[in-house]
1. What's the total number of residues in region 160-189 that are open to solvent by 10 Å² or more (accessible area, probe 1.4 Å), touching a Gly at 6+ places or on another chain (Cβ under 9 Å) and under 12 Å from ASP124 (Cβ atoms)?
2. Going by the conditions given, is THR194 in contact with a strand residue (DSSP E or B) (Cβ under 8 Å, 6 or more places away or on another chain) and more than 15 Å from VAL87 (Cα to Cα)?
3. Is it the case that some residue within region 214-231 is crowded, with 23+ Cβ neighbours inside 10 Å, under 28 Å from ASP379 (Cα atoms), of a type outside the set (S, T, N, Q) and in contact with a Pro (Cβ under 8 Å, 6 or more places away or on another chain)?
4. Could you please find all residues in region 277-301 being outside any strand (DSSP E or B) and among the charged types (D, E, K, R)?
5. Looking at the structure I just gave you, is THR313 closer than 29 Å to THR282 by Cα, under 19 Å from the mean Cα position of the chain (by Cα), hydroxyl-bearing (Ser, Thr, Tyr) and open to solvent by 10 Å² or more (accessible area, probe 1.4 Å)?
6. Quick check on my filter: what residues within region 61-79 are within 18 Å of the chain's Cα centre (by Cα), open to solvent by less than 50 Å² (accessible area, probe 1.4 Å) and of a type outside the set (Ser, Thr, Tyr)?
7. If I ask for residues that are hydrophobic (A, V, I, L, M, F, W, C), on the phi > 0 side of the Ramachandran plot and open to solvent by less than 10 Å² (accessible area, probe 1.4 Å), which ones from region 341-399 would you list?
8. Could you tell me how many of the residues in region 214-272 are among the β-branched types (Val, Ile, Thr) and over 19 Å from the mean Cα position of the chain (by Cα)?
Amino acid sequence: MTGRKIPSRGVVALLAALCIGGSATQTSLVSSQADSREPAGAPAQNKQRLQPVAEFNGAMPTGVSVSRTGRVFVNFPHWGDEVQYSVAEVRKGKTVPYPNREINTADTRDPAHHFLGVQSVVVDAADRLWVVDTGRIKFGNAPVGGPKLVAIDLRTNKVIRTILLPRQVAGPRSFVNDVRLDLTRGKAGTAYLTDASSDGPNGLIVVDLASGTSWRRLNNVPSVRPVPDFVPVIDGERMLNRPAHGPTSPINIGSDGIALSPDGKTLYYCPLSSRTLYSVPTSGLTDRRVADSKIAKTVRNLGTKGMSDGLETDNAGRVYGGDIEHNALVFRDTDGRFRTLVHDNRLIWPDTLSIGYDRNLYVMANQLNRQAAYNAGVDLRRKPYVLYRIPVDSGPARR
């Protein structure tokens, strides 16, 4: 992977033709300019460097989650790369299909029992791995039975639950993106997911884990929608849908990142095509008697954190996110102020975040912005993609 700045587009074709590769570089970590104070118990800002955990030389990964015993799980979406398996466990630096190869066969004839387009993996407080499957392959329509939540018992490595999301909750153009779980709410717990669809309604999805019943919340309200005409600047370039032939267009991706407060009372979320962090009380989300319009009035704008793909919380109540445009990780502190945790040029599109019980924040840097779709048909990604971690002096806010 290269840590250099992408050259101007006039030079890209020449470099590609000459097959010139970049060398990996690392910048020094810099502190937040917003506030140099370090509150008691805050993460050790900028005193630690990113530590590589695993490298990936095949398909591009998006998600990561770490179990109570330190097992690391990742996933590979079916976006266009050749994906051998959607969900994997990292063992001794290598990935192996998890829980087995059969379920990782993208069989559209039996979508309810196979992974089709896995977007994220999350380990819950009971040490079960939950797999979020969009049901979409190469952004095609999701078949009935494709969008689903799948639970795997990490002790037996067996699938123990499959919850299918019905059409009225996740339609063919929905893009269920990430999940957080509160095992203390409801008889068997509650799951919250984001629908990040770029060409359909956005919103949150709530699942009662006891019954498997699911419903939509904040459907297409402004806080879950992409900011109109949002154009980020990454690698020194305006990021747009930029096909090899034809006009460019903004990347309109809605509610994407999601995180849950330690007490389970607050859900945090953010559209990808935005720089704003939002929160909403979970009490309204889970009470189906409360009208969506009433819930929308309880949404809080928590301020500008930067463009983020994934979100995460620790058990002290801090909310972490990526700042994609600045190759950084940031966090909203318990005093409500945003601070920079680390800035490093190797963080080329920090995607999913996961805090482990080892008190490290794990982050997947996958160069998503360098895909051909955003670069006039030229794939500018340079393998390997890298999973990093950095100490944060706090454990996960798992329920």
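1. Of the residues in region 160-189, 4 are open to solvent by 10 Å² or more (accessible area, probe 1.4 Å), touching a Gly at 6+ places or on another chain (Cβ under 9 Å) and under 12 Å from ASP124 (Cβ atoms).
2. yes
3. The answer is no; no qualifying residue exists.
4. We begin by selecting, within region 277-301, every residue outside any strand (DSSP E or B); these are 282-299.
Within region 277-301, ASP287, ARG288, ARG289, ASP292, LYS294, LYS297 qualify.
5. Working: closer than 29 Å to THR282 by Cα: yes; under 19 Å from the mean Cα position of the chain (by Cα): yes; hydroxyl-bearing (Ser, Thr, Tyr): yes; open to solvent by 10 Å² or more (accessible area, probe 1.4 Å): no.
It is false that THR313 is closer than 29 Å to THR282 by Cα, under 19 Å from the mean Cα position of the chain (by Cα), hydroxyl-bearing (Ser, Thr, Tyr) and open to solvent by 10 Å² or more (accessible area, probe 1.4 Å).
6. Listed by number, the residues that qualify are PRO61, GLY63, VAL64, VAL66, VAL72, PHE73, VAL74, ASN75, PHE76, PRO77, HIS78.
7. TRP349
8. So the answer is 4.
The values are calculated or read from the model by the stated rules, or taken from the named source; none is laboratory data. A quick note: this is a predicted structure, and the numbers were derived from the prediction, not measured. Using ideal geometry, Cβ is built from the backbone for each residue, glycine included, and neighbour counts are taken over all protein chains shown. SASA here: full protein model, heavy atoms, side chains in, ligands and nucleic acids out. Shrake-Rupley method; radii C 1.70, N 1.55, O 1.52, S 1.80 Å.
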